[in-house]
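Quick notes on the structure that follows.
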């Protein structure tokens, strides 16, 4: 009888130990399924905010509560962005980093050599591809189809438009590269391009005011300084009765006439799906590389169209979205 009691007690103890071991293993498994993504955003404006929101939505849809985000926003300050990059690099719990726009991408790439870096809102031209060729870097380029944008612009603007001012920030390498491509494409269709570069937002007002006196229309690549100054640029262009063409679809709602650019929310979602491939499916960033997005829709501001007395030609009508 005593032996049976001892045996039963021993069995109970073993069962209890087994439950503890299984419980620990389950907790460890849950812990392994928890991931942390650092998000480094260059500044706050609609395009970059949309890219962030699209990224978070795509990752959360798949992972639910098993994902945590550490979000840092440099608010346009290069020194702050680099300090935040150092902070994210130092956090051992971070499994991957999402960098939004070129300054954030450059800052985190300068310090993070091991963890995966996913980029978005960065215009990766063929000339700049080598800058993003590190084995731990991948993501989505917002490099627009410049030829298609210029063709759409030509289909919308009257024949009286001969000279086109290209507004961009000289401190953004992607903007400089895209502006050079714009020069080539504008010349190809017999426009006369005029480069109008600024070093910062402070320079924007006098530069644009000067440009509208020399050109028939304004054109801008995807550019953070341009996006932050869009209300000012649109106001100056409107007062001068000059069409303003941009490369960020969201800026059409803020006063630009036209854009054949990138949907940044969808671009962010695409980057989010890339992050899932890396942290869940264990795909190496080098096997993904930098992928492109191409939006075929032409966004046109209906009010600006009427104010400028323009009409949409049949050549582009099927692709036009009035906003």
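The values are calculated or read from the model by the stated rules, or taken from the named source; none is laboratory data. Every value quoted in this text rests on a predicted model; they were computed, and no experiment measured them. Don't worry about glycine lacking a Cβ; one is built from the backbone with ideal geometry, like all the others, and counts go over all protein chains shown.
Taking the conditions (1) surrounded by 17 or more Cβ atoms within 10 Å (Cβ to Cβ); (2) touching a residue at least 60 places away in the same chain (Cβ under 8 Å); (3) assigned to a helix (DSSP H, G or I) in turn, residue 76 satisfies each one other than (3). Might you let me know whether segment 16-33 holds any residue that is in contact with a strand residue (DSSP E or B) (Cβ under 8 Å, 6 or more places away or on another chain), surrounded by 10 or more Cβ atoms within 10 Å (Cβ to Cβ), modelled with pLDDT under 95 and farther than 30 Å from residue 254 by Cα? Checked against the condition, which is being in contact with a strand residue (DSSP E or B) (Cβ under 8 Å, 6 or more places away or on another chain), surrounded by 10 or more Cβ atoms within 10 Å (Cβ to Cβ), modelled with pLDDT under 95 and farther than 30 Å from residue 254 by Cα, segment 16-33 yields no hits at all.
When segment 195-220 is examined, which residues are found to be loosely packed, with under 15 Cβ neighbours inside 10 Å and without any contact (Cβ under 8 Å) to a residue 24 or more places away in the chain? Of everything in segment 195-220, those that are loosely packed, with under 15 Cβ neighbours inside 10 Å and without any contact (Cβ under 8 Å) to a residue 24 or more places away in the chain turn out to be 202, 206, 210. Note on segment 168-194: among residues that are surrounded by 18 or more Cβ atoms within 10 Å (Cβ to Cβ) and part of a loop (DSSP other than H, G, I, E, B), the one that is modelled with the highest pLDDT is 191.
Based on this model, can you work out whether residue 215 counts as outside the structural domain of residue 57 (by TED's automatic domain parsing) and either part of a strand (DSSP E or B) or more than 21 Å from residue 307 (Cβ to Cβ) (or both)? Can you show your working first?
Values: outside the structural domain of residue 57 (by TED's automatic domain parsing): yes; either part of a strand (DSSP E or B) or more than 21 Å from residue 307 (Cβ to Cβ) (or both): no.
Judged against the criteria, residue 215 is not a match.
Kindly provide the set of residues from segment 108-146 that are farther than 20 Å from residue 264 by Cβ, outside any loop (DSSP other than H, G, I, E, B) and either modelled with pLDDT of 95 or more or touching a helix residue (DSSP H, G or I) at 6+ places or on another chain (Cβ under 8 Å) (or both), ordered by number. Before you say what the answer is, go through the steps one by one.
To start, the set of residues in segment 108-146 that are farther than 20 Å from residue 264 by Cβ comprises 109-116, 126-127, 129-131, 133-136.
Now restrict to residues that are outside any loop (DSSP other than H, G, I, E, B): 109-111, 129-131.
Result: 109, 110, 111, 131.
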